[in-house]
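Beneath this line is the structure, given in structure tokens, with notes to follow.
The values are calculated or read from the model by the stated rules, or taken from the named source; none is laboratory data. What you see is a predicted model; the values in this text were computed from it and never measured. A quick note on method: Cβ atoms are made from the backbone with ideal geometry, for glycine too, and the neighbour counts reach across all protein chains shown.
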């Protein structure tokens with residue numbers, strides 16, 4: 001019995017170290033036609049500095065930008081106040097993203113990332129951007145491209161990194177200890193990196209940024225986002241501690257035996 005209790009305690013402690021901690025999360029599962037600046041977080045707290053043009057909840061668990069007029073563009077940027085991030089590894093995730101009606105040269109994008117100000121500009125549209133990614137259909141072949149932004153500049157452009165069909169999660173990872181940024185997508189079969197890891201990032205983040213733009217050529221384009229989540233990811237040293245705890249527990253059990 002003691003062996004079982006010892007191992008159980010060790011595994012529970014290890015699990016507590018291994019789990020990512022959710023800092024703030026929005027699921028967009030409230031009533032229809034709510035603007036983003038009128039939403040309360042499902043986890044954590046924060047205030048969006050403004051609404052997104054023509055972007056609102058659809059009453060079915062998604063935030064939708066449907067475009068204002070055929071041939072015109074819609075969308076804007078907003079920022080969420082957060083506690084200053086000064087250490088650790090953080091991931092800002094846009095989940096359940098669907099691009100509908102893209103192709104033929106339309107420009108339907110989402111942008112999100114870590115920011116140092118609350119200007120309201122889309123990600124990549126301001127010199128104050130810290131880490132950002134624009135993802136969308138930005139060519140005429142109907143494939144998804146990404147533009148990675150560091151400090152407001154275009155650091156990398158990645159063409160045709162994934163097929164258009166399906167539902168995606170996009171991840172911006174910021175490692176403040178290593179001063180690096182990495183970007184990923186997941187279409188349901190595992191995480192894939194977009195571009196390469198960018199190093200030499202030294203500024204701290206005080207806001208989360210989000211933007212959405214739809215150029216509605218066909219009258220039916222839209223971009224849906226099912227959630228925005230900021231999590232703190234365990235450091236590699238935490239996994240080493242987990243391994244150590246489990247090894248120590250196993251040794252203790254063996255000695256008792």
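As an exercise: evaluate residue 214 against (1) assigned to a strand (DSSP E or B); (2) crowded, with 18+ Cβ neighbours inside 10 Å; (3) at pLDDT 85 or above and give the number of the one condition it does not meet.
(3)
When the residues of region 31-50 are narrowed to those that are in a loop (DSSP other than H, G, I, E, B) and either modelled with pLDDT under 90 or in contact with a helix residue (DSSP H, G or I) (Cβ under 6 Å, 6 or more places away or on another chain) (or both), which ends up nearest to residue 224 (Cα to Cα)?
Checking each candidate, the answer is 50.
Filter region 172-190 for residues that are assigned to a strand (DSSP E or B) and either modelled with pLDDT under 90 or more than 22 Å from residue 100 (Cα to Cα) (or both) and give the result.
172, 173, 174, 175, 180, 181, 182, 183 - these are the residues of region 172-190 that are assigned to a strand (DSSP E or B) and either modelled with pLDDT under 90 or more than 22 Å from residue 100 (Cα to Cα) (or both).
Residues 56, 94: which one is surrounded by 14 or more Cβ atoms within 10 Å (Cβ to Cβ), touching a helix residue (DSSP H, G or I) at 6+ places or on another chain (Cβ under 9 Å), at pLDDT 90 or above and part of a strand (DSSP E or B)? Quick ask: steps written out before the conclusion?
Working: 94 fails: touching a helix residue (DSSP H, G or I) at 6+ places or on another chain (Cβ under 9 Å).
Only one candidate qualifies: 56.
Evaluate region 64-77: report whether one residue or more is modelled with pLDDT of 90 or more and more than 23 Å from residue 131 (Cα to Cα).
So far as region 64-77 goes, yes, one or more of its residues are modelled with pLDDT of 90 or more and more than 23 Å from residue 131 (Cα to Cα).
Run residue 20 past the list (1) surrounded by fewer than 17 Cβ atoms within 10 Å (Cβ to Cβ); (2) modelled with pLDDT under 90; (3) more than 23 Å from residue 123 (Cβ to Cβ) and report the number of the one that doesn't hold.
Of everything listed in (1) surrounded by fewer than 17 Cβ atoms within 10 Å (Cβ to Cβ); (2) modelled with pLDDT under 90; (3) more than 23 Å from residue 123 (Cβ to Cβ), residue 20 misses just condition (3).
Out of all the residues in region 115-136, which are within 24 Å of residue 222 (Cα to Cα) and either modelled with pLDDT of 75 or more or assigned to a strand (DSSP E or B) (or both)?
Within region 115-136, 123, 132, 133, 134, 135, 136 qualify.
Any chance region 152-170 includes a residue that's part of a loop (DSSP other than H, G, I, E, B), more than 13 Å from the chain's Cα centre (by Cα), modelled with pLDDT of 85 or more and within 22 Å of residue 207 (Cβ to Cβ)?
No, there is no match, as no residue in region 152-170 is part of a loop (DSSP other than H, G, I, E, B), more than 13 Å from the chain's Cα centre (by Cα), modelled with pLDDT of 85 or more and within 22 Å of residue 207 (Cβ to Cβ).
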